[in-house]
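The values are calculated or read from the model by the stated rules, or taken from the named source; none is laboratory data. If you're wondering where the values come from, they're calculated on a predicted model, not measured in any experiment. Every residue, glycine among them, receives a Cβ derived from its backbone with ideal geometry; neighbour counts consider all protein chains shown.
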Amino acid sequence: MNILSLFPAIPLLMMLGLWISRNTKQIHAVMVAGSSALLALSVYLVFAFLGMRAAGNTAEMLFTDSLVWYAPLNIHYSVGVDGISVAMLLLSSIIVFTGTFASWQMKTDVKEFFMWFCLLSVGVFGFFISIDLFTMFMFYEVALIPMYLLIGVWGTGRKEYSAMKLTLMLMGGSALILIGILGIYFGSGATTMNILEIAALHNIPVEMQRVWFPIVFIGFGVLGALFPFHTWSPDGHASAPTAVSMLHAGVLMKLGGYGCFRIAMYLLPEAAQELSWIFIILTTISVVYGAFSACVQTDLKYINAYSSVSHCGLVLFAILMMNATAATGAVLQMLSHGLMTALFFALIGMIYGRTHTRDIRELSGLMRIMPFLSVCYVIAGLANLGLPGLSGFVAEMTIFNGAFMDNDTFHRVVTIIACTSIVITAVYILRLVGKILYGTCTNPEHLKLTDATWDERLAVVVLIVAVAGLGLAPMWVSDMINDSVLPIISHILN
Amino acid sequence: MDMEIDFSGVLTCMHTEISLVAVIVVAFLYDLFAGKRGREIFHPFMCILMLLFIAANIVPFPNEDGELFGGMYLYKPVYGIIKSILAIGTLIVFLQSGSWLRREDTSFKRGEYYVLTLSTLLGMYFMISAGHFLMFFIGMELATVPMACLVALDKYRHNSAEAGAKFILSALFSSGLMLYGISFFYGTAGTLYFSDMAARIDGNALQIMSMVFFFAGLGFKISLVPFHLWTADTYQGAPTNVTSYLSVISKGAAAFTLMVVLVKVFGNMVAQWQLMLYIVIILSITVANLFAIRQKDLKRFLAFSSISQAGYIMLAVISGTPYGMTSLIFYVLIYMVANLAAFGVISTVEQHSGGKVGMDDYNGLYRTNPKLAVTMTLALFSLAGIPPFAGFFSKFFIFASAFEEGFHVLVFIALINTVISLYYYLLVVKAMFITPNDSPIATFRSDCGTRISLVLCLAGVIVLGLVSSVFDGISLFSFGL
């Protein structure tokens, strides 16, 4: 069995294990064993990948494997990874691992919760390893539908509305992707569904590309919170339970950016060049509008959700710049945003679990009451606003650097506009930190609260280590990404 | 045409029909002569008999085309495949009807139920294998008239009697339309043999009109918009097990036959019937989806869902390719297991809760009957086309088959509709899992037959898509324009 197939296989086995578990202890055991195995596997994969690259293997995808699935449509179960997918797999397994610990205190229907959670991870992992259009799309949809029940059953607030809105909007996006995939497949002569082979054929007529590119880009863009299709995101994130918010903002939204890059732009390069300006404008709006919206929110989760719209907009913004530096920055931003937003949602979940409110007007002086969580919250905030030494700085620096390299006015102007988001981010983060962490606590109920438990500490520390690790030593991962971005970018430009 | 009749092929080509007649005769005789103890095991006996019938016929043989009675009856391996699928569906319906048939007011009508159901199945078999419009018509009537009796089987229930009356009236009307259309064909082509007609169809105005009549007649059976008006009332009023039979088996057979006739007989009029289907598909999918959103009764809800599913099936027909036919058969198979799972849950809940079929009654079902709720959820996910369940694959193939022939906008409209359909399927899921309820349906244990049938359906929903061999097997025998 190919090592990559283990990624979706392990969560499937975990589902089986959960199914036969009889009590919470066994459920936790299965989850910890499985998510640790995933984490170990992805770390191993990073080293194995780097090792093979160091040994001089320059193939675009490594660890490839292909099995015929539906021969009449040339559908294969094809897997393979490049530096981008390796980074995404690492990110996903970190989030699954920490998500498990972040939901340690869950009381109701634990088994069902984790089973849907594992199904979600099957989809996520499967998506990142696939290099076949059909298989990739299948895993994409597998990752979407568990969200409905995860939010609808275990969520808070207006959960039914949010769950339905999120599911329908994302499914609408995936309907666009489906027709785009059919367009790409039949447009390229209908001989293969393999992404690399379609790219190598490079024979989709330009007039067809002009139709399919916007459709596919918007389809994936819905999940990447592309303005104006981002409206599911704040409601969805605000209502979702902690671990689901983490996985969803941390990993699932990255599926959108990844898909836009790997399918829309890579397979429809001419149209991507022609039409990128439309989407550059839209993503610039996402970036700035998301940041401004975050400023006026009063719910902690809404603030973070709008901040995610802004940061994920930056991912799409960067890949549309179509140069290797910006694209590397985009992938770094996916990693960085995934980690720090997961950290944020984990902390918000922990604070909400104690105070039972997420309204910043009702929270203050938490630093005295729960110092560990508060310090971590400050770190997450600093990473979010791009403090050097943490991951956000590396990613955003690379993106804006790359984006400014284009020496025409349009690209430079939008880059400058997008840059303002850094300042706005600083505004809402600092305001937020000042408001809820410092000052004096006025609510006597809150004074009785306790600090993080061991499972929460573990989840948070792992994430902080990853955020700081990426910020302090970005070279090993950015080189790996840059290697893999280069062939894609050069394909798009030629 | 040489009318000399050759009987030597009867046993090889017609073995499916002959063995089905044998099953019907055995059921009839058993009903007549079985004693008190024998009647108690009538239901398992019939299920086993049906299982034997399927076992004997599941693999289509012989592996080559054949014809009987001077071309009245045709045999092709692909017909054998669709017949096996319909037989499996019938077995599943039988398994699910156990507790309904044990009820006091129906138990004495068991024999009639089995014989009538199998007669309609026989009618569909002849309809599928027809090589002549008369044969086709007789088969269709044989499939329709007993169906009206089945719909009205709970005759003391006001709804059921009303549904039966509505069904037979609309069925007669549609048959009349179809006969009218067929008579024009005879007038313009001078023959009713499929093989001879194909060459003599040239698409003149009279033929276009008669094709519309013919299509309208079959449209009633498949319940496509605008011929769907009987569907919701009949589905709601009929006994649930009959509804499930009607929604899957009868629809599947009619859809398949429509494709065969359009491809084989009306090959010269492809432009005309593609246009006709184009309009009907958009109407069926969209109208049915919009109506389904507002339904509160699950049987009516699934009635509208099945109308929209019929629209999706037509996407395979419109392509007219061998690949389209493969997708159609595969779609019918997947739709069958998913819909029968949903109806199986509805039927068993209805039997054990004193007739509850409203969507609000299902609130909180997961708390009391988790397995049934999960079964229903997976079935609905499959109907909505969510991976990794089989419905995703069958929908994808249907879309691909229509897309390949250039129906891009049509596929786009159908895809947008899948999102709408997901909304109403999720409403049921929401009722079962999320909406709280103070007095949910009490916990109960379904009868053995229902449980077996639900396991079979669930296995189908999960496995059929992930394993490609079924699709590959079907694709070996399909044919197109």
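In table form, for the structure just shown:
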| item | result |
| --- | --- |
| In segment A:190-203, the residues that are crowded, with 23+ Cβ neighbours inside 10 Å and within 14 Å of another protein chain (Cβ to nearest Cβ) | A:Met193 |
| Residues of segment A:359-395 that turn out to be under 11 Å from A:Val467 (Cβ atoms) and acidic (Asp, Glu), as a count | 0 |
| Qualifying helices (runs of 4 or more DSSP H) (wholly inside segment B:249-348; at least 1 residues being small (Gly, Ala, Ser) and over 28 Å from B:Pro146 (Cβ atoms)) | B:270-293, B:298-319 |
| Filter result for the condition that a residue is surrounded by 24 or more Cβ atoms within 10 Å (Cβ to Cβ) and within 11 Å of chain B (Cβ to nearest Cβ), over A:Gly180, A:Gly187, A:Gly172 | A:Gly180 |
| Positions within segment B:27-44 being assigned to a helix (DSSP H, G or I) and surrounded by 15 or more Cβ atoms within 10 Å (Cβ to Cβ), in sequence order | B:Ala27, B:Phe28, B:Tyr30, B:Asp31, B:Arg39, B:Phe42, B:His43 |
| Filter result for B:Leu426 (more than 9 Å from every other protein chain (Cβ to nearest Cβ), part of a helix (DSSP H, G or I), buried (at least 24 other Cβ atoms within 10 Å of the Cβ) and at pLDDT 90 or above) | no |
| Complete set of residues in segment B:107-141 that are among the β-branched types (Val, Ile, Thr), under 18 Å from the mean Cα position of the chain (by Cα) and within 23 Å of B:Leu179 (Cβ to Cβ) | B:Thr120, B:Ile128 |
| Odd one out for A:Arg412 among (1) of a type outside the set (Ser, Thr, Tyr); (2) without any contact (Cβ under 8 Å) to a residue 12 or more places away in the chain; (3) in contact with a Cys (Cβ under 7 Å, 6 or more places away or on another chain) | (3) |
| Hits in segment A:355-386 - residues which are touching a residue at least 12 places away in the same chain (Cβ under 8 Å), surrounded by fewer than 18 Cβ atoms within 10 Å (Cβ to Cβ) and under 16 Å from A:Ile429 (Cβ atoms) | A:Ile360, A:Val378 |
| Residue count, segment A:65-80 (criterion: in contact with a strand residue (DSSP E or B) (Cβ under 7 Å, 6 or more places away or on another chain) and surrounded by fewer than 24 Cβ atoms within 10 Å (Cβ to Cβ)) | 8 |
| Test: residue in segment A:239-248 that is under 26 Å from the mean Cα position of the chain (by Cα), crowded, with 23+ Cβ neighbours inside 10 Å, more than 14 Å from chain B (Cβ to nearest Cβ) and closer than 24 Å to B:Phe399 by Cβ | no |
| Evaluation of B:Ala165 against (1) over 23 Å from B:Ile281 (Cα atoms); (2) in contact (Cβ under 8 Å) with a residue 40 or more places away in the chain; (3) surrounded by fewer than 17 Cβ atoms within 10 Å (Cβ to Cβ) (one fails), failing number | (2) |
| Leading residue by the ranking (farthest from B:Val337 (Cα to Cα)) among those in segment B:450-473 that are more than 10 Å from chain A (Cβ to nearest Cβ) and crowded, with 22+ Cβ neighbours inside 10 Å | B:Thr450 |
| Those helices (runs of 4 or more DSSP H) lying entirely in segment A:269-358 with at least 1 residues acidic (Asp, Glu) | A:269-296 |
| Segment B:319-364, residues that are surrounded by 24 or more Cβ atoms within 10 Å (Cβ to Cβ) and over 20 Å from B:Tyr245 (Cβ atoms) | B:Ser319, B:Gly324, B:Met325, B:Thr326, B:Ser327, B:Phe330, B:Tyr362 |
